[in-house]
Amino acid sequence: MAIKPTIYKLRIAISDLNRDYYDSVNLTVALHPSENIERMMARVVAYCLNVQENITFTKGLSVVEEPDIWVKTLDDQITLWIDMGEPAPDRIKKSSRQALEVKVYSYNSKSDTWWEQSRKKASQFENVKFYQLDWYQVQSLAGMAKRNMDWSISISGDTVYIADETQTRELEVKQLS
């Protein structure tokens with residue numbers, strides 16, 4: 001019998017000062033049994049950084065051919081493909097052919113090493129942007145995880161400010177390319 005995912009519910013008020021986007025979203029996020037809480041929280045942040053009409057979490061780790069998050073048009077074209085972690089250059093190449101825009105959010109302790117090894121190959125893809133979330137800040141954010149969360153997120157410059165009813169966190173988003 002397969003282990004079922006753990007479900008988290010989030011109510012998020014988003015103020016993105018970079019894009020003049022102000023709205024609230026209700027998310028239901030599944031934590032896959034093979035996923036850690038840090039990765040799930042990084043996915044939520046990536047979602048908020050890119051929130052727009054038709055953005056959705058995919059089946060993610062359950063379906064290798066899909067990204068973690070995408071935006072699709074009504075005629076099923078992929079306009080935005082978001083991968084979390086450190087994808088292989090072949091995956092980046094494939095996703096850059098399937099989507100108009102690709103974003104990769106690296107978030108863990110081996111992120112710097114991955115980028116040094118991948119930078120040369122990654123720079124050949126014009127429609128791909130790479131970002132790094134600070135690992136220690138992501139770990140701190142994971143400490144805020146509860147099954148039901150009510151957040152306020154403010155995005156200004158390269159910093160994301162996350163607050164709930166009792167605590168706040170700051171997360172730097174560094175653009176690598």
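A few points about this structure:
- Ile78 meets all of the listed conditions (1) under 16 Å from the mean Cα position of the chain (by Cα); (2) surrounded by 15 or more Cβ atoms within 10 Å (Cβ to Cβ) but one, namely (1).
- Contact map, the stretch 36-58: residues that are closer than 18 Å to Asp16 by Cβ and of a type in the set (D, E, K, R) paired with residues that are open to solvent by less than 40 Å² (accessible area, probe 1.4 Å) and in a helix (DSSP H, G or I), Cβ distance under 6 Å, separation 6+ or inter-chain. No pairs are found.
- Some residue of the stretch 65-74 being free of Cβ contacts under 8 Å to residues at least 24 places away in the same chain, in contact with a Leu (Cβ under 6 Å, 6 or more places away or on another chain) and open to solvent by less than 60 Å² (accessible area, probe 1.4 Å): yes
- The condition of being within 26 Å of Glu172 (Cβ to Cβ), without any contact (Cβ under 8 Å) to a residue 12 or more places away in the chain, of a type outside the set (A, V, I, L, M) and in contact with a strand residue (DSSP E or B) (Cβ under 6 Å, 6 or more places away or on another chain) holds for only one of Tyr8, Tyr22, that being Tyr22.
- For Glu86, the conditions (1) within 16 Å of Ser106 (Cα to Cα); (2) open to solvent by less than 10 Å² (accessible area, probe 1.4 Å) all hold with the exception of (2).
- Count of the stretch 152-168 residues which are more than 20 Å from Ile82 (Cβ to Cβ) and either open to solvent by 60 Å² or more (accessible area, probe 1.4 Å) or among the β-branched types (Val, Ile, Thr) (or both): 4
- Per-region count, the stretch 24-56, residues closer than 24 Å to Asp158 by Cβ, open to solvent by 30 Å² or more (accessible area, probe 1.4 Å) and more than 12 Å from the chain's Cα centre (by Cα): 3
- Candidate set: the stretch 118-151, residues that are under 17 Å from the mean Cα position of the chain (by Cα) and in a strand (DSSP E or B); chosen: the one surrounded by the fewest Cβ atoms within 10 Å (Cβ to Cβ): Lys129
The values are calculated or read from the model by the stated rules, or taken from the named source; none is laboratory data. Please read all numbers here as calculations on a predicted model, not as lab measurements. Counting neighbours? That spans all protein chains shown, and the Cβs are built from the backbone with ideal geometry, glycine included. Note: accessible area is taken over every heavy atom of the protein model, side chains too, but ligands, DNA and RNA are not part of it. Shrake-Rupley method; radii C 1.70, N 1.55, O 1.52, S 1.80 Å.
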